[in-house]
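First the structure, in the form of C-alpha cells, and then the observations on it.
The values are calculated or read from the model by the stated rules, or taken from the named source; none is laboratory data. Note that the structure is predicted; figures quoted are calculated from it, not measured. Note: ideal-geometry Cβ built from the backbone for every residue, glycine included; neighbour counts use all protein chains shown.
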Amino acid sequence: MDRNQLADFLRSRRDALRPEDVGLISGSRRRTPGLRREEVAALSGISVDYYNRIEQRRGPIPSEQVLAALARGLHLTLEERDHLFQLAGRPVARRVARTDHVNAGLMRVFDRLQDTPAQVVNTLGETLLQTPPAVALLGDETSHSGPARSRVYRWFTDPDARRTAPPEDHPRHGRALVAGLAEAAAEGGPGSGAAALVEALHHRSAEFRSIWDEHPVTGPYCAPKRFIHPELGELDLYGQTLLDPDQSQSLMVFTAEPGSPSSEKLKLLSVIGAQRL
C-alpha cells in the first residue's frame with residue numbers, strides 16, 4: 001500500500017468533482033474547490049473519520065469493499081478504479097467479472113434522479129444503487145449478500161421478495177426473471193456468475209426448474225408493471241431502461257402516466273422517500 005499516493009489520488013479526484021456533479025447543491029459560502037471529505041464519505045457509505053484517516057496517510061488498509069464504494073462515490077472510471085486498487089495494494093479483479101462498479105456517466109444520470117424511483121442493476125439482477133423513492137417502493141435491495149443479492153434468486157427462494165407484486169402477476173414476473181437470467185447465462189458461458197446462479201436455483205426451486213425447461217425469452221423492456229406499496233396501495237408504472245453495454249448494467253427508471261392516480265402516488269413517494277407514513 002502506497003499511503004502517500006493513495007491519499008494524493010483520492011484528494012485529486014475529490015477536488016475535481018463539483019457538488020452538482022454528484023447531485024448535491026452548491027452553496028454560495030463554499031470554500032472547498034471540490035467535494036468536502038464528509039461528502040465523499042457519505043456518497044461512499046463510510047464514516048467521515050475512516051475517510052479522513054485515509055487522506056491523512058494513516059489508518060488500516062482499506063478493504064476491497066471500501067475501495068469499490070469509494071470508486072462509486074468519486075465517480076471513477078474503470079481505469080481509475082484499477083489504479084485505486086493498485087495504490088491500496090489490493091488485487092485488481094478481471095474486467096469481465098467487474099459487475100459492481102457503476103460507469104461514471106451512468107452515475108451522473110442517476111444522481112439527477114433522486115426524486116424518482118430509479119436503480120442501477122447488473123445482468124445478475126443485483127441492485128447496485130437505489131434512489132430513496134426506489135427504496136420506498138421496492139425496499140432496500142442493496143442490503144443482501146451472497147446469492148440473495150440477485151432479485152432472481154430472492155424471487156424463487158424468499159416469499160417476501162414477491163410482496164411488491166400482485167399475486168396474479170407472479171407467473172409473468174417469474175418468467176421474465178428466468179428469461180433474463182437465461183440470456184445472461186448464455187452470454188457469460190458455463191463459468192459465469194449467471195451460470196452459477198442457474199445451478200443454485202435448480203437445487204433450490206422446483207418452480208424455477210419448471211420455467212427454465214420452457215426456455216422463456218425476454219419480452220418488451222418497457223411493459224407496464226403493477227406494484228403494491230403498503231401505504232399507497234397499487235401503482236401502475238412503466239420501467240424505462242438505459243443500458244450500459246460496457247458494464248452489462250442498466251439504469252431502471254419508473255414513471256407513471258401523467259395525471260393518473262399512480263402519478264400522484266409517485267409524487268407522494270418522492271416526498272416520503274424511504275420513511276414510512
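Listed by first and then second residue, the pairs linking a residue in the range 117-146 that is farther than 25 Å from residue 195 by Cα to a residue that is modelled with pLDDT under 90 and of a type in the set (Gly, Ala, Ser), with Cβ atoms under 6 Å apart and 6 or more places separating them unless they lie on different chains, are 132/273; 132/274; 133/270; 135/274; 136/273; 136/274. Of all residues being in a helix (DSSP H, G or I) and among the polar types (S, T, N, Q) in the range 41-58, which is nearest to residue 102 (Cα to Cα)? Just the residue, please. That would be 44. Scanning the range 1-24 for residues that are small (Gly, Ala, Ser) and more than 20 Å from residue 79 (Cβ to Cβ) returns a single hit, 23. Considering only residues in the range 221-248 that are at pLDDT below 90 and in contact with a His (Cβ under 9 Å, 6 or more places away or on another chain), the one that is nearest to residue 115 (Cα to Cα) turns out to be 225. Just name the residue that is surrounded by the most Cβ atoms within 10 Å (Cβ to Cβ) out of those in the range 228-264 that are more than 23 Å from the chain's Cα centre (by Cα) and outside any loop (DSSP other than H, G, I, E, B). Among residues in the range 228-264 that are more than 23 Å from the chain's Cα centre (by Cα) and outside any loop (DSSP other than H, G, I, E, B), the one surrounded by the most Cβ atoms within 10 Å (Cβ to Cβ) is 262. Consider residue 4 carefully, then state whether it is assigned to a helix (DSSP H, G or I) and over 17 Å from residue 85 (Cα atoms). Against the criterion (assigned to a helix (DSSP H, G or I) and over 17 Å from residue 85 (Cα atoms)), residue 4 does not qualify.
Would you confirm, using the coordinates I've provided, whether residue 166 is over 26 Å from residue 105 (Cβ atoms), touching a strand residue (DSSP E or B) at 6+ places or on another chain (Cβ under 9 Å) and either of a type in the set (A, V, I, L, M) or exposed (fewer than 14 other Cβ atoms within 10 Å of the Cβ) (or both)? Answer is yes for this residue.
Number of residues in the range 177-194 that are crowded, with 17+ Cβ neighbours inside 10 Å and not hydroxyl-bearing (Ser, Thr, Tyr): the value is 11. Out of curiosity, is residue 90 under 27 Å from residue 147 (Cα atoms) and within 20 Å of the chain's Cα centre (by Cα)? Judged against the criteria, residue 90 is not a match.
Within the range 35-50, the set of residues being surrounded by fewer than 17 Cβ atoms within 10 Å (Cβ to Cβ) and not hydroxyl-bearing (Ser, Thr, Tyr) comprises 36, 38, 45, 48, 49.
Would it be correct to say that residue 67 is in contact (Cβ under 8 Å) with a residue 24 or more places away in the chain, aliphatic (A, V, I, L, M) and either in a loop (DSSP other than H, G, I, E, B) or not assigned by TED's automatic domain parsing to the domain that holds residue 112 (or both)? No.
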